[in-house]
1. Could you list, in sequence order, the residues of the range B:279-298 that are touching a residue at least 60 places away in the same chain (Cβ under 8 Å) and either small (G, A, S) or out of contact with any Asp or Glu (no Cβ under 8 Å at 6 or more places or on another chain) (or both)?
2. Where in the range B:151-247 are the strands (runs of 3 or more DSSP E), entirely inside, with at least 1 residues that are over 15 Å from the mean Cα position of the chain (by Cα)?
3. Search the range B:255-278 for residues being assigned to a helix (DSSP H, G or I) and in contact (Cβ under 8 Å) with a residue 40 or more places away in the chain, and hand back the single one that is surrounded by the most Cβ atoms within 10 Å (Cβ to Cβ).
4. All but one of (1) in contact with a strand residue (DSSP E or B) (Cβ under 7 Å, 6 or more places away or on another chain); (2) part of a helix (DSSP H, G or I) hold for A:Q19; state the number of the condition that does not hold.
5. Looking at B:S174 and the list (1) hydroxyl-bearing (S, T, Y); (2) touching a residue at least 40 places away in the same chain (Cβ under 8 Å); (3) at the interface with chain A (Cβ under 9 Å from one of its Cβ atoms), which single condition is not satisfied?
6. Which is facing another protein chain (nearest Cβ under 9 Å), touching a Phe, Trp or Tyr at 6+ places or on another chain (Cβ under 9 Å) and closer than 25 Å to B:A165 by Cβ, of A:L91, A:L75, A:L61, A:L26?
7. Among the candidates A:V228, A:V207, which residue alone is more than 30 Å from A:E16 (Cβ to Cβ) and in a loop (DSSP other than H, G, I, E, B)?
8. Within the range B:123-167, which residues are more than 7 Å from every other protein chain (Cβ to nearest Cβ), over 21 Å from A:V95 (Cα atoms) and touching a residue at least 40 places away in the same chain (Cβ under 8 Å)?
Amino acid sequence: MATLTYRDALNQALREEMQRDPNVFLMGEEVGVYQGAYKVSRGLLEEFGPQRIVDTPIAELGFAGIGVGAAMGGLRPVIEFMTWNFAVLALDQIVNSAAKMLYMSGGQINMPIVFRGPNGAALQLSSQHSQAWESWLAHIPGLKVVAPATPADAKGLLKSAIRDNNPVIVLEGEMLYNLKGDVPDGEHIVPIGRADLKREGTDVTLVCHSKTLAVALKAAEQLAEQNVSAEVLDLRSLRPLDEAAILESVKKTNRAVVVEEGWPHAGIGAQIVDLIQRDAFDDLDAPVQRITQADVPMPYNKLLERAAKASPEKAVAAARRVLYLD
Amino acid sequence: MTATARTPRQSAPSPQLTELHLKMLRQMLLIRHFEEKAAEAYALGKIGGFCHLYIGQEAVAVGALAALRDDDYVICSYREHGQALIKGISANAVMAELFGKATGCSKGKGGSMHLFDAKRGFMGGHGIVGGHIPLGAGLAFASKYKGTEQVTVCFFGEAAVNIGAFHETLNMASVWKLPVIFLCENNRYGMGTAFERVAAVTDIVEHACSYDMAAELVDGMNVLTVYDATRRAVERARKQSHPTLLEVRTYRYMGHSMSDPLHGVYRTKDEVEEQKARDPISHLAGKLKEDGVIDQAALDALDAEIHAEVEAAVKFADDSPDPEPGELFTDVLVD
């Protein structure tokens, strides 16, 4: 077991998959000569050359579409967006081309393509650079969406994404790239569509993904000090969603709080609440609570930004509400 | 000019060339009659949704595709019935797709705007104006990556030239030297908007200068001119891996789609009639008659044969089953 950063775990996944399959290539802004805006692709240009590590102009729509076309032509593109905020410019290609190709061609043309990059807020990047897009993306049939929170999951899920014959969205995090964690040696694959119980508990389930795993784990520690046993369920995949894992946990704890990065309206948490009320209604002892970003564009000011984000304190307060402790 | 007044030809066309010209005539007639039948079927409610016909533009698809190898890629906008037929999808499978039937080339899931036949290199039918232009470059990227020497022809209308994807893609195709031909079918109108009303640069070929790309302005009412220009572009793509922008000036006789008027607020009936006088099929048929390759009786026989083929396609589509209800949930993802 090696200790790696999330960044290096992604780098390993890319390197191993490119060694394994010559049809895999990486395309995006600054991925080659500059070694990646966040250094995820460090060293890959030297190893694989400019044919497979392709620097693009700043033209998200265009290079995302070229990636889709390359997938139609039998390659396995990995398209890196410097952030998902910029990928909004490429949504036409992700939604109208990649996600629909198999269906509208009557099953003839599948789409083995990965779109990846950091999602959600970092620190003080203000409104246009601090957005979590997962509910937009997970809304679309024909896409798979994963959001790993740890280096091990980042490596294992990116490898699965590259081997998948469908378009897979990989949501990373600028604030996660430096995170260190143990990554199993050798071939490490995490299947898409499986949640992971990151902490066992009996009183309340904290459902989270990506950066909110850290929020939920911290909240669980604080709750433990208050004699509340919180279970932390990391979704890892948002589409397909591991419904069985969510229901199993809620049936055990009878209470749930969803902690997510995005805005509240039509967010991922709303989907999870829908599932729980429908399939675990009789097991619920309290209405499910959601912790989200405040329903505003992200402010620049440090204090306002902190107030807008999900936090352990907010998650603890929500857990206490569903336990009727306050 | 009459045949007797003409300067005698220096040499008669070669048998191969004559054969090609006859094939082109047949293909243009196939598209014409297919589209006429589609219009009828649409009026009868057998075809739904949007249906964009190719009547008037036949010389473009036929001339361009004649310059391709079988394994070359073709990718189109939603006005693609003609290219689909010429790339080798049967009239039966195209008509059945328009009818939404299980026997259609996209199993009835795509419809008029999403015809596909991956095995024949026909990569769709795409419905968002200009959205498929990067896909065309991507297919060429894959061919170059794999060293297959395939060429991609990407058809789009003049209105797509105002879309960002056009400019982003031409830039990258030129920087990366991709074996792709951007074939702009300039039929003058984006739906009901004349191009000159919404475009600062109306000679589309000029856009190639911005991207240091080869370009040609082509008469799209003459199938042989389209063929020759495309051959030059194919050569450039296949041998040198250089992209080309072709602006092919053509004209659609019908409205933008079946639900739109033929003329009225945006163009006059006189204009449409004037363009019909330049009809690409009459032009080629006239030339072949002048050259003594075909006479009226043979032309009539050919016409009748194609009518029968198209009638049979309608019958096939009519008789074909709808997709099974379970098909609703298939082809969303692969395993």
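1. Within the range B:279-298, B:D279, B:H283, B:L284, B:A285, B:K287, B:L288, B:E290, B:D291, B:V293, B:I294 meet the criteria.
2. Result: B:180-186, B:214-219.
3. So the residue we want is B:Q275.
4. If we test A:Q19 against (1) in contact with a strand residue (DSSP E or B) (Cβ under 7 Å, 6 or more places away or on another chain); (2) part of a helix (DSSP H, G or I), just (1) comes out false.
5. Looking at each condition in turn, B:S174 falls short on (3).
6. Sole residue among the options that is facing another protein chain (nearest Cβ under 9 Å), touching a Phe, Trp or Tyr at 6+ places or on another chain (Cβ under 9 Å) and closer than 25 Å to B:A165 by Cβ: A:L75.
7. A:V228
8. B:A140, B:K144, B:T148, B:E149, B:Q150, B:V151, B:T152, B:V153, B:F155, B:G157, B:E158, B:V161
Values quoted throughout were computed directly from the atomic coordinates according to the rules given, and no laboratory measurement underlies them. This is a predicted model, so every value here is computed, not measured. Cβ: placed from backbone, ideal geometry, glycine included. Neighbour counts: every protein chain shown.
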